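Any read-out appearing in this document is the output of simple, stated calculations on the displayed coordinates, not a laboratory observation. Computed from a prediction, not measured in an experiment: that's the story for all the values here. When we count neighbours, we look across all protein chains shown, and the Cβ atoms used for this are built from the backbone with ideal geometry, even at glycine.
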Amino acid sequence: MQEQELIQKLASALSDKKAQDIVALDVRGLTVICDYMIIASGRNANQVKAMADEVDDFMAKEGLTLRRSEGLNEGRWIVLDYATVLVHIFHQDERAYYNLERLWDDGKNRITLNLESDPA
């Protein structure tokens, strides 16, 4: 699977778990730690943990191994490292506080996500 397609499907998996404010960034020119970052928010710690589980299941099906994770116990800011993709799943309060996009969004590297939104 191509990287852009993987990012789209990963964002869709997060959306299926009701993730909010999903942002995907191409950071290849900005850092050597990964090629892409996905940032999403949840309303509570249980939802954040459920989204992390969904991401790990999805990535395992795609043949990508979790190299490292942080924050799984607390469910406030979970980071999942799949080498070329870092997934950050925040509780919405932490997302607002840390404002991670400010560090990595250069104004040209946001990936347009094709997510269906609920009409409700």
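Data overview
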read-out	value
Considering residues of the stretch 1-40 that are free of Cβ contacts under 8 Å to residues at least 12 places away in the same chain and not basic (Lys, Arg) only, the residue farthest from Asp56 (Cα to Cα)	Val32
Selection status of Arg67, farther than 18 Å from Glu5 by Cβ and surrounded by 19 or more Cβ atoms within 10 Å (Cβ to Cβ)	no
Any hit, the stretch 42-51, residues being buried (at least 18 other Cβ atoms within 10 Å of the Cβ), assigned to a strand (DSSP E or B) and of a type in the set (Val, Ile, Thr)	no
Residue check, Ser41 closer than 13 Å to Leu14 by Cα and of a type in the set (Gly, Ala, Ser)	yes
Selection count, the stretch 74-94, where residues are in contact (Cβ under 8 Å) with a residue 40 or more places away in the chain, closer than 13 Å to Ile38 by Cβ and not in a loop (DSSP other than H, G, I, E, B)	7
Scope the stretch 4-19; condition loosely packed, with under 15 Cβ neighbours inside 10 Å and either within 15 Å of Asp81 (Cα to Cα) or of a type in the set (S, T, N, Q) (or both); matching residues	Gln4
